[in-house]
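Engineer: Got a structure for you, questions after.
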Amino acid sequence: MTKFSKTFQAALSVTLVLGLVLTGCASNKEANSESGEGANNAPESTAAAYVLGEQPLEFSFYGHYDWYTMPPWGEDLATKWIQDNKKVNVVPVSSGGAAKQKLNTMIVSQELPDVIWMERDADVEKLRSEGLLVPFDDYLDKYPNLKKWAGEATLDMLRSPDGKLYQFPNWYTTQPNGNAGYLVNKKIYEELGSPSLETTDDLYAYLTQVKEKYPDVVPLEVGQSASGIDILVSAFGENRPYTYNAMKAVPNGDTLGSIFTDPVYRESIQYASKLYREKLISQDSFTQKLEQVEQKVVTGKIAVYAASSPTEFGAKGNALLKAADPSAGYIMVWPVHKAGLDKNKIFPGDYKQLGWNVSVITKAAKDPEAIFAFLDWFTGPEGQRTIMWGPEGLYWDGADADEVPLFTEKFTSDIEGREALMAATVNFQWNGNTVYVDNSKMKFESTLPAEKRSWETYWQSEITWKTQYNTTEFVNLDPAGDTDEGIVAQSVHDIYEKARAKAIMNAASDEEVASILDKAEADAQKAGYERLLKYKTEKWQENVSKLK
């Protein structure tokens, strides 16, 4: 399943302006409980469930990302069918490329959208605590798709301190998913004798060969901002996904410790620095644009590509290269590991039960239950079939006993048309149901001969889904940006980024890498790192207790 790139991240900032504005929002304050907790009083739920299509439903939708622009609703086959048959119309509210300012403006003017699609982070709780969000608890049994597919454990992880649920997750899952790993240029690999690519020593030797014999090819492509280097950390420790790098913290027993002193992290940076010094990694890795990375992959100008989702460009590149030369294309290899480690305990990527981001319904909505009813339908089998593969009768016709779509002959024969449709609806996938979509694809793929199976789905089933680590227990550890811990977190982040780049690009030896990381540790401690680690440890242990 192709999802939005994980590099798309945005932080919601609702600082002092939120509190100042809300002091004048009497209607919202009246909804608060006497204890000061916001939105503790759930809206009255009607006796009968809302039925989509019986009457028109229109609501406004704001995607809280600088990069996100919602396509016009009803101009593609899928949303047109929803508009005509379910009588639902969604009115987009654009961030204008400045999400932070846009949301603050809407708060100041007291003109919030009905739905906000946003990161699942500490700032959702700010909106909730000020009484701006609608709880979903009264709706869960009346509209059962979310509860059925996400499961109680996932929903409990999303609950706020008042015990209520305000967040509708996107791409939640109860089974492994993800694409992180290593893409390999098949033609170059076979021309070099298909050598072993199991260990980090094997990888180094192979990249050296590539550099010598293919001077116009990047031996190891590590993507935009050298993000693929983070994938390499998994090779140096068992059960060590790159998520810990993003956390700036590493589990040590029941506490979280420093990333800078972590032996696995330090060894991975020393390895990356060596590759960079010997020009086995692109020298513009820290400055190149995503479009440049894509161009290199789709034209076959890389030998190995390490990334959190290499299949995205890999599938496109594989098709283009094979069209020109049947012996060309891309394969994937089992994640590399340091000699002596168990290859079955190497996890370059991760997955979380909670998925990616969330939708919240604000108290600006005139009929929040109707909106929830739509979101719940949208995340259910019929909604997912429609938004993923269009309306019934084109690429699927009916469903089996497991509600899996019965794909038509056109699904495999009209690949260009199917992919165009899916591209047109990808920015409407706000309530993705990972288990349903993945299982539907896999069940169908299993019925096809090998030559007709999807390249991406094949490698997901063979390698990537088997090598992603469950990091659900580490969600929601980041403090709000305007708190003391949040200020420390930003300082530590800056120290980390500078040290990482300096260690890889400028260090002349392993010893110099270690010295740079030592200084980063000292600087982080001066900035309050220990306090931040204590905060994250407490949040982590709260998650652990919820998952028991």
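Engineer: How big is the gap, in Å, between the Cα center of segment 217-264 and the Cα center of segment 362-380?
Structural biologist: So the separation of the two Cα centres works out to 39 Å.
Engineer: Continuing with this model, one more query. Ratio of alpha-carbon Rg to the 2.2 N^0.38 Å globular estimate for segment 272-367, to two decimals, please. Please report the intermediate quantities before stating the final value.
Structural biologist: Values: Rg = 19.1 Å, N = 96, 2.2 N^0.38 = 12.5 Å.
Taking the Cα Rg and dividing by 2.2 N^0.38 Å, one obtains 1.53.
Engineer: Can you give me the relative contact order of segment 258-396 as a percent, contacts being Cα pairs under 8 Å and 6 or more apart? Walk me through the numbers before you get to the answer.
Structural biologist: Working: 57 pairs, mean separation 13.0, N = 139.
Averaging sequence separation for qualifying contacts and normalising by length gives 9 percent for segment 258-396.
Engineer: Given contacts defined as C-alpha pairs under 8 Å and at least six residues apart, what's the relative contact order of segment 489-547, whole-number percent? Let's see the in-between values first.
Structural biologist: Details: 21 pairs, mean separation 23.5, N = 59.
It comes to 40 percent, rounded to a whole number.
Engineer: Still on this model: Taking loop as defined by DSSP and a crowding limit of 16 other beta carbons within 10 Å, which trypsin sites (Lys or Arg not before Pro) in segment 268-336 fit? Each step should come with its number before you reach the end.
Structural biologist: Values: sites: Lys274, Arg277, Lys279, Lys289, Lys296, Lys301, Lys316, Lys322; in loops: Lys279, Lys289, Lys301.
For trypsin sites (Lys or Arg not before Pro) across segment 268-336 that sit outside H, G, I, E and B with at most 16 neighbouring Cβ atoms in 10 Å, the list reads Lys279, Lys289, Lys301.
Engineer: Could you tell me which of the pairs Lys100/Lys502; Lys301/Lys322; Lys343/Lys536; Lys186/Lys466; Lys126/Lys164; Lys148/Lys345 are separated by over 25 angstrom between their Cα atoms in the structure shown?
Structural biologist: Numbers: Lys100/Lys502 30 Å; Lys301/Lys322 14 Å; Lys343/Lys536 30 Å; Lys186/Lys466 21 Å; Lys126/Lys164 14 Å; Lys148/Lys345 31 Å.
Pairs exceeding 25 Å: Lys100/Lys502; Lys343/Lys536; Lys148/Lys345.
Engineer: Quick one: net charge around Val218, please, counting Lys, Arg +1 and Asp, Glu -1 for every other residue with C-beta under 12 Å from its C-beta. Don't skip to the answer; put the middle values down first.
Structural biologist: Working: positive: Lys211, Lys279, Lys296, Lys301; negative: Asp216, Glu221, Asp284.
Spelling it out: positives minus negatives among the neighbours equals +1.
Engineer: Here is a further query. What is the diffusion coefficient of segment 181-347 in µm²/s, taking the Kirkwood radius over Cα pairs and the Stokes-Einstein relation at 4 °C with a viscosity of 1.567 mPa s?
Structural biologist: Values: Rh = 16.2 Å.
Rounded to a whole number, D works out at 80 µm²/s.
Engineer: When the C-alpha atoms of segment 399-548 are aligned to their principal axes, what extent does each axis show, in angstrom, from largest down?
Structural biologist: Taking the Cα atoms of segment 399-548, the three principal extents are 63, 43, 29 Å.
Engineer: Further question: So for Val304, Val404, fewest C-beta neighbours within 10 Å to most, what's the order? Please report the intermediate quantities before stating the final value.
Structural biologist: Values: Val304 26, Val404 18.
By the 10 Å Cβ count, ascending, the order reads Val404, Val304.
Engineer: Lys and Arg at +1, Asp and Glu at -1: add these up for the other residues within a Cβ distance under 14 Å of Val51 and post the number. Each step should come with its number before you reach the end.
Structural biologist: Values: positive: Lys86, Lys87, Lys142; negative: Glu54, Asp367, Glu369, Asp376, Glu382.
Surrounding charge for Val51 is -2.
Engineer: Here's another thing I want to ask about it. Give me a comma-separated list of calculated 3J(HN,Hα) values for segment 111-121, in order, Karplus coefficients 6.51, -1.76, 1.60 applied at θ = phi - 60°, integers in Hz, x for any Gly or Pro.
Structural biologist: 10, 6, x, 6, 10, 10, 9, 7, 5, 8, 8
Engineer: Show me the three semi-axes of the equivalent ellipsoid for the chain, from the C-alpha gyration tensor (sqrt of 5 times each eigenvalue), largest first, rounded to whole Å.
Structural biologist: Values: eigenvalues 312, 202, 75 Å².
One finds semi-axes of 40, 32, 19 Å for the chain.
Engineer: How would Thr467, Thr261, Thr311 line up from fewest to most surrounding beta-carbon atoms within 10 angstrom?
Structural biologist: Details: Thr467 24, Thr261 15, Thr311 27.
Fewest-to-most Cβ neighbours within 10 Å comes out as Thr261, Thr467, Thr311.
Engineer: Continuing with the same structure: What share of the DSSP beta bridges in the chain is antiparallel, in percent to the nearest 5? Kindly include the intermediate steps, with their values, before the conclusion.
Structural biologist: Working: 20 of 38 bridges.
Here the share of antiparallel DSSP bridges comes out near 55 percent.
Engineer: By counting other Cβ atoms within 10 Å of each Cβ, how are Leu133, Leu192 ranked from fewest to most? Write down the numbers at each step before the final one.
Structural biologist: Numbers: Leu133 26, Leu192 15.
Ordered from fewest to most neighbouring Cβ atoms within 10 Å, Leu133, Leu192 come out as Leu192, Leu133.
Engineer: What number, in percent, do you get for the relative contact order of the chain if the mean sequence gap of Cα pairs under 8 Å and at least 6 apart is divided by its residue count? Could the numbers behind the result be given before it?
Structural biologist: On the way: 966 pairs, mean separation 115.4, N = 548.
Computed value for the chain: 21 percent relative contact order.
Engineer: How large are Rg and Dmax for segment 489-547 when calculated on the C-alpha trace, in angstrom?
Structural biologist: Cα-based Rg and Dmax for segment 489-547 come out at 14.6, 46 Å.
Engineer: Sticking with this structure for a sec: Scan the chain and report its longest stretch carrying no GluC sites (Glu not before Pro) that are both in a DSSP loop and have at most 11 other Cβ atoms within 10 Å. If you can, show how the numbers build up before the last one.
Structural biologist: On the way: sites that count: Glu30, Glu34, Glu44, Glu54, Glu75, Glu111.
Counting at most 11 other Cβ atoms within 10 Å as exposed, the longest clean stretch of the chain is 112-548.
Engineer: Which value, in debye to the nearest 20, describes the size of the charge dipole of segment 458-548 about its Cα centre when Lys and Arg Cβ atoms bear +1, Asp and Glu Cβ atoms bear -1, and nothing else is charged? Don't skip to the end; give the middle numbers.
Structural biologist: Working: 12 positive and 17 negative charges, 58 e Å.
The calculation lands at about 280 debye.
Since every read-out is calculated from the coordinates, none of them should be taken as a lab result. All values derive from a computational prediction rather than experimental measurement. Ideal geometry is used to build each Cβ from the backbone, glycine not excepted, and the neighbour counts take in all protein chains shown.
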